[in-house]
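The values are calculated or read from the model by the stated rules, or taken from the named source; none is laboratory data. Fair warning: this is a prediction, and the values are worked out from it, not measured in the lab. Every residue, glycine among them, receives a Cβ derived from its backbone with ideal geometry; neighbour counts consider all protein chains shown.
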Amino acid sequence: MHQQTFQKPVNDLHKKPLLINALRSGLPDNAILSSEEALRPYECDALSAYRELPLLVVLPETIEQVQAVITACASLEVPVVARGAGTGLSGGALPLSNGVVLSLAKFTRILGIDQLNRTACVQPGVRNLAISEAAAPYGLYYAPDPSSQIACSIGGNVAENSGGVHCLKYGLTVHNIQQLKVVTIGGDILTLGGSGFDGAGYDLLALMCGSEGMLGIIVEITVKLLPKPEYAQLIMAAFDDLAKAGKAVGDILAAGIVPAGLEMMDNLAIRASEAYVNAGYPTDAAAILLCELDGCSAEVRQQIQKVQAVLQQAGATSQRISADDAERELLWKGRKAAFPAVGRISPDYYCMDGTIPRRQLPYVLQRISELSGEYGLPVANVFHAGDGNLHPLILYDANIQGELQKAEELGGKILEICVEVGGTITGEHGVGVEKINQMCVQFSPLALQQFHAVKQAFDPQQLLNPGKAVPSLHRCAELGAMHVHGGKLPFPDLERF
Amino acid sequence: MSDITQQLQAQVQRAFQANNPLLIRGGGSKFFYGNACDGEVFAAGEHRGIIEYEPKELVITARAGTPLKDIESTLAQHGQMLAFEPPYFGLAATLGGTIACGFSGPRRPFAGSARDFVLGCKVLTGKGEVIEFGGKVIKNVAGYDVSRLMAGALGTLGVILEVSLKVLPVPEAETTLAIAAHTNEAIDIMNARAGQPLPLSGAVYDGEAVVMRFSSTELGIKELRKKIAGDELKQGPEFWRQVKEQQHFFFANDMPLWRLSLAPATLPLGLPGSWLFDWGGALRWLKTDASPRDVRDAVAAEGGHATLFKHREFWERQQPYCVFHPLPSALMAIHQKLKTAFDPAKILNRHRLYEDRI
């Protein structure tokens, strides 16, 4: 497996016994992991191409213990990497060799559900789906549904500002959080937001969402719950041309309809999915759209008719409407299983996460297809079409020397195209370590400098997940110079920081 | 249509060098809001014009001085709207002022707030640097979410130059229903309804009746009328406009007007004065001469916060106070550091949000 050291190797090993001593005054012994075999499971998150063993892993179970960990680490200047369920796709929870991994896995309690106020107060290690399950008896649910929702934790969702298939209508994590409790690097507890819909002063709640563990440790979350829609129906439309399908997406939105979900898959993804779950997808289609509408039944029925007409007009070759929830779920199943389905037809795949203005879709898909040919790596496209969020899946074989590097380079190029057409390098997976170089492409040096200043305001010693998400100007300058000298990085074996 | 970025930038750079505080002004419609502050008026309202609007993308980008009414009328031509239903408080209201104040109207609990719809912005920091944050696409998690931080920051972190917002289609049909109720009943009705799968888009209690708005398709509204009791208010749109713009008779006098942000189902607070509940009970307007301390203590006990929204002069002469809810010291320290990070000389709207340490 390809390994990559992300951090400057600092010889901080002498700090380990000091740190263990300091931690023991605030934590039970079994909450401190230090042997290599105990640390091993924490060496990576779901972006497993990047691995690093941390100095220590700590598993506090109370807020006071988190404060104790932070105080001990801050006094010895040891970096802290917060970790939820480890399902992140961008290496945000990649350990630092000289740092502590602060796992929030023991914070699994749902502290309360307030039916009348429609909120749930939960600890950060609670699984995303567990919130909706706990709210179900009240007819309520938590809307953001990243595809990892069975496993991912709500604390990680906040840190990454996770999305899902329903965010066009229901928003990202940032739109569905009402209050956060955060432990600062100074050991203080901040309450951000309020019991109502806003808090006093700057909107630090918004700033904390998607901050990738770089500004504070999230220890308690109050989420907004929504009433479960009365009725939902799904249309699957097939197209013989990707561009037509792409245009149909804009037509639906321009017709005044905001679908609950609006997804698109290309032929390779359709075939992989169909072979895996037999949802009844048309394997000869160039693309399919899945359009779900929800609301009260009369409203949904009326909108379904409208969408049908729009799709017809846009050149759909066939349309299938779910007759009941079982059929709707089956049609979704194909989409939701797209990643593992692709995993079955290729030894490995690398998932990208750019967002583009939807009108650029035909151009971007054309460019992806050209790059795919150039690199000799097939790309399957799964697309949150409604909000312009692309997930190209690059197929490769890690056992073939150099293929991972090729896949990563191709992925980087795809992200640069996203920026070129006015989009972004990450719609919902975060920057982490994975897309740190592309940050130099998307943001100006002034913007990056201002990001560092924001971090400085929260974390002057640079101890919270340092080196992630925002590249140093030095790094960008170095990469920028290399771009000028033509595409490929010279000295690929040199470590770059 | 004019881009005066360079002129504005030069002005801020000069002020930064001279340590000369600036009072940012767009259309002047919300000048009443915030703490008293002085400085040279910095007229940003001429920086205007819609830069990009593609209805199919559900995104509009415009310069901050663009009149809000121009934005809304342009969107309306394509059957779209700003779903956070921003109040104007005067026809001169600009896009920049709307976002800087972060105000949202009655649709807010059901559609989202001003900051929820911000996708990106270009700002002019107190150092005189022009920086773009966020983007023009609906999903974007690259970098810290500085553009949403600008919403409600009252220009204290930077002069907003450009904003990209998500927009939504105007609902096909709406209806407004009124049900007479006492305060406790009203809180129950509004929150019970908000917990049901209904297309609720507004819930106000004006002291006599709960007034609720529903937005759906024609058939959706027809079906709803069979399920939900209440008298249809023929002047529905006018009612919502009056509540949003504070032209409802409730707002008509010079008593200190407090804005209380609370969990929507919070039981009535034992404060004297008269009340109007918006946002299903989460936004409570209180007209009272009760002391700022009493108001804040009562609200803080419920985990909320209180802003002296209008008529601050009532208290100004008698005691030192802050228009905005005081922050715990650890949180205040971060506010001050953030302010310093964006505006080291504290020249932008000095003291308008919280007292700046110079």
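Can you name the condition, by its number, that A:V382 falls short on among (1) assigned to a helix (DSSP H, G or I); (2) surrounded by 24 or more Cβ atoms within 10 Å (Cβ to Cβ); (3) among the aliphatic types (A, V, I, L, M)?
Result: A:V382 passes all but (1).
Does B:A263 qualify as being modelled with pLDDT of 95 or more, surrounded by 18 or more Cβ atoms within 10 Å (Cβ to Cβ) and in contact with a Ser or Thr (Cβ under 8 Å, 6 or more places away or on another chain)?
Answer is yes for this residue.
Among the listed residues B:S261, B:S274, identify the single one that is within 30 Å of B:G195 (Cα to Cα), within 8 Å of another protein chain (Cβ to nearest Cβ) and among the hydroxyl-bearing types (S, T, Y).
B:S261
Tally the residues that are assigned to a loop (DSSP other than H, G, I, E, B) and either surrounded by fewer than 24 Cβ atoms within 10 Å (Cβ to Cβ) or of a type in the set (S, T, N, Q) (or both), restricting the search to segment B:158-187.
Total satisfying the criteria: 6.
For segment B:1-15, what are the residues that are modelled with pLDDT under 95 and among the hydrophobic types (A, V, I, L, M, F, W, C)?
B:M1 - this is the single residue of segment B:1-15 that is modelled with pLDDT under 95 and among the hydrophobic types (A, V, I, L, M, F, W, C).
Working only within segment B:1-56, note down all residues that are basic (K, R) and under 20 Å from the mean Cα position of the chain (by Cα).
Of everything in segment B:1-56, those that are basic (K, R) and under 20 Å from the mean Cα position of the chain (by Cα) turn out to be B:R25, B:K30.
Could you tell me whether segment B:344-355 includes any residue that is at the interface with chain A (Cβ under 9 Å from one of its Cβ atoms), of a type in the set (G, A, S) and surrounded by 18 or more Cβ atoms within 10 Å (Cβ to Cβ)?
Within segment B:344-355 (the criterion being at the interface with chain A (Cβ under 9 Å from one of its Cβ atoms), of a type in the set (G, A, S) and surrounded by 18 or more Cβ atoms within 10 Å (Cβ to Cβ)), the answer is no, since none of the residues qualifies.
Scan segment A:8-38 for residues that are part of a helix (DSSP H, G or I), surrounded by 16 or more Cβ atoms within 10 Å (Cβ to Cβ) and modelled with pLDDT of 95 or more and jot them down.
Selection gives A:L19, A:I20, A:A22, A:L23, A:A31.
Need at least 2 residues that are modelled with pLDDT under 95 per element, so show me which helices (runs of 4 or more DSSP H) inside segment A:127-178 make the cut, counting only ones lying wholly within it.
A:167-170
Can you tell me which condition B:T340 does not meet? The list is (1) closer than 30 Å to B:D188 by Cα; (2) assigned to a helix (DSSP H, G or I); (3) within 9 Å of another protein chain (Cβ to nearest Cβ), and all the others hold.
Condition (1) is where B:T340 drops out.
Given the structure, is A:A120 assigned to a strand (DSSP E or B) and modelled with pLDDT of 95 or more?
Answer is yes for this residue.
Inspect segment B:223-231 for any residue being outside any loop (DSSP other than H, G, I, E, B) and among the β-branched types (V, I, T) and give the result as yes or no.
No; the residues of segment B:223-231 include none that is outside any loop (DSSP other than H, G, I, E, B) and among the β-branched types (V, I, T).
When you go through B:K234, B:K244, B:K287, B:K226 one by one, which is the residue that is more than 14 Å from chain A (Cβ to nearest Cβ), at pLDDT below 95 and either over 22 Å from B:K310 (Cα atoms) or within 24 Å of the chain's Cα centre (by Cα) (or both)?
When all the criteria are applied, what remains is B:K234.
Hey, any hits in segment A:262-278 for a residue that's farther than 30 Å from A:V81 by Cβ, more than 26 Å from the chain's Cα centre (by Cα) and free of Cβ contacts under 8 Å to residues at least 60 places away in the same chain?
yes
Got a sec? Which of B:I51, B:I24, B:I60, B:I71 is more than 23 Å from B:L260 (Cβ to Cβ), surrounded by fewer than 19 Cβ atoms within 10 Å (Cβ to Cβ) and among the aliphatic types (A, V, I, L, M)?
That would be B:I51, the only listed residue that is more than 23 Å from B:L260 (Cβ to Cβ), surrounded by fewer than 19 Cβ atoms within 10 Å (Cβ to Cβ) and among the aliphatic types (A, V, I, L, M).
Is it fair to say B:A330 is assigned to a helix (DSSP H, G or I), within 12 Å of another protein chain (Cβ to nearest Cβ) and without any contact (Cβ under 8 Å) to a residue 40 or more places away in the chain?
yes
Could you go through segment B:311-324 and let me know if any residue there is facing chain A (nearest Cβ under 7 Å), closer than 24 Å to B:R357 by Cβ and of a type in the set (A, V, I, L, M, F, W, C).
Looking for residues that are facing chain A (nearest Cβ under 7 Å), closer than 24 Å to B:R357 by Cβ and of a type in the set (A, V, I, L, M, F, W, C), one finds at least one in segment B:311-324, hence yes.
In this structure, is B:V123 more than 7 Å from chain A (Cβ to nearest Cβ) and β-branched (V, I, T)?
yes
Looking at (1) touching a strand residue (DSSP E or B) at 6+ places or on another chain (Cβ under 9 Å); (2) over 25 Å from A:P95 (Cβ atoms); (3) part of a helix (DSSP H, G or I), which one does A:L415 not meet, given that it meets all the others?
All conditions are met except number (2).
Within segment B:126-157, how many residues turn out to be polar (S, T, N, Q), assigned to a loop (DSSP other than H, G, I, E, B) and more than 7 Å from chain A (Cβ to nearest Cβ)?
Count: 1.
Yes or no: A:I304 buried (at least 17 other Cβ atoms within 10 Å of the Cβ), in contact (Cβ under 8 Å) with a residue 24 or more places away in the chain, more than 26 Å from B:E172 (Cα to Cα) and not basic (K, R)?
no
Could you say which residue among A:D203, A:D188 is surrounded by 24 or more Cβ atoms within 10 Å (Cβ to Cβ) and at pLDDT 95 or above?
So the residue among A:D203, A:D188 that is surrounded by 24 or more Cβ atoms within 10 Å (Cβ to Cβ) and at pLDDT 95 or above is A:D203.
I'd like to verify a number: residues in segment B:29-66 that are in contact with a His (Cβ under 9 Å, 6 or more places away or on another chain), among the charged types (D, E, K, R) and within 22 Å of B:K136 (Cα to Cα), how many?
1
Tally the residues that are of a type outside the set (A, V, I, L, M), closer than 15 Å to A:P362 by Cα and crowded, with 22+ Cβ neighbours inside 10 Å, restricting the search to segment A:251-280.
Residues that pass the stated criteria total 1.
Any idea which residue in segment A:437-460 is farthest from the other protein chains (Cβ to nearest Cβ), counting only those that are closer than 20 Å to A:Y202 by Cβ and not in a helix (DSSP H, G or I)?
Selected residue: A:D459.
Every residue in segment A:220-248 that is closer than 30 Å to A:V81 by Cα and away from chain B (no Cβ under 14 Å), please.
Of everything in segment A:220-248, just one residue is closer than 30 Å to A:V81 by Cα and away from chain B (no Cβ under 14 Å), namely A:I221.
Quick check, is A:R83 in contact with a strand residue (DSSP E or B) (Cβ under 7 Å, 6 or more places away or on another chain), buried (at least 23 other Cβ atoms within 10 Å of the Cβ) and at positive phi?
Considered against the rule, which asks whether it is in contact with a strand residue (DSSP E or B) (Cβ under 7 Å, 6 or more places away or on another chain), buried (at least 23 other Cβ atoms within 10 Å of the Cβ) and at positive phi, A:R83 comes out as no.
Can you confirm whether B:A44 is crowded, with 16+ Cβ neighbours inside 10 Å, touching a residue at least 60 places away in the same chain (Cβ under 8 Å) and more than 14 Å from chain A (Cβ to nearest Cβ)?
yes
Of a type outside the set (F, W, Y) and touching a strand residue (DSSP E or B) at 6+ places or on another chain (Cβ under 6 Å) - does that describe any residue in segment B:332-345?
No, the conditions are met nowhere in segment B:332-345.
Can you give me the number of residues within segment B:309-344 that are charged (D, E, K, R) and over 30 Å from B:Y144 (Cα atoms)?
5
With A:I218, A:I235, A:I177, A:I154 as the choices, which residue is of a type outside the set (F, W, Y) and under 25 Å from A:P460 (Cα atoms)?
Result of the check over A:I218, A:I235, A:I177, A:I154: A:I218.
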